[in-house]
Amino acid sequence: MKKIIMVIATVILVAAGIWIFAEHSNKGASPENSLGNEEDSSRPMEGQDSFGLDVCSEVPSSLVSDIIGKAIVETENPSTSSGTGCMYFTNKEKYEHILIQVSYLSVENQKKGQEIMDRSITTDNTIPIENFLAIQEDGQINAIYLVMTSQKYVRIDRTPNTADNDQLVNLARQVASVIKGD
């Protein structure tokens, strides 16, 4: 009897795994998940050849350092179940860093969440990929979102004392170029 239960459980788990894989694969190819960013790109927005598998390598600390005018003393990969990224520390003791985070979450929900926190949403036409900036009441950029698909984006933000708004936008431009494969 235990063997029969084990076989049935195994079959159910395998079937569930196949179904989940098929659903995930279909989402990447579905029109509602694509935002057309691949047309201008030499790189896909989804899959193993897309941006986001090893952010610390894909966006070298030297690039971040050159843009913000400060040395990067250490990098750290803050991967979670919903994404991966890289923290570029300018001061590890004070936890001062730039964050480039790839997330597999709803872009629309991110916009709504920023608006709920009374942040205005705008775009920057100088960034060569679909984007939106969340602007705080004091005029500071809270975060820049580079939209890869409706369920995948790259968030760029920083802690105080690391970069000003212009530097953050410049970094977003450079990261967008890396995403596109320019």
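Before moving on, here are some points about what is shown:
- When region 92-107 is filtered for residues that are in contact with a Ser or Thr (Cβ under 6 Å, 6 or more places away or on another chain) and either assigned to a strand (DSSP E or B) or not assigned by TED's automatic domain parsing to the domain that holds Pro160 (or both), the ones remaining, listed by number, are Glu96, His97, Ile98, Val102, Ser103.
- For the residues Cys56, Cys86, the requirement of being part of a helix (DSSP H, G or I), surrounded by 15 or more Cβ atoms within 10 Å (Cβ to Cβ) and of a type outside the set (Phe, Trp, Tyr) singles out Cys56.
- Of the listed requirements (1) modelled with pLDDT of 70 or more; (2) surrounded by 12 or more Cβ atoms within 10 Å (Cβ to Cβ), Glu38 misses just one: (1).
The values are calculated or read from the model by the stated rules, or taken from the named source; none is laboratory data. Predicted model, so just to flag it, every value in this text is computed and none were measured. Here the Cβ is made from the backbone with ideal geometry for all residues, glycine too, and neighbour counts use every protein chain on show.
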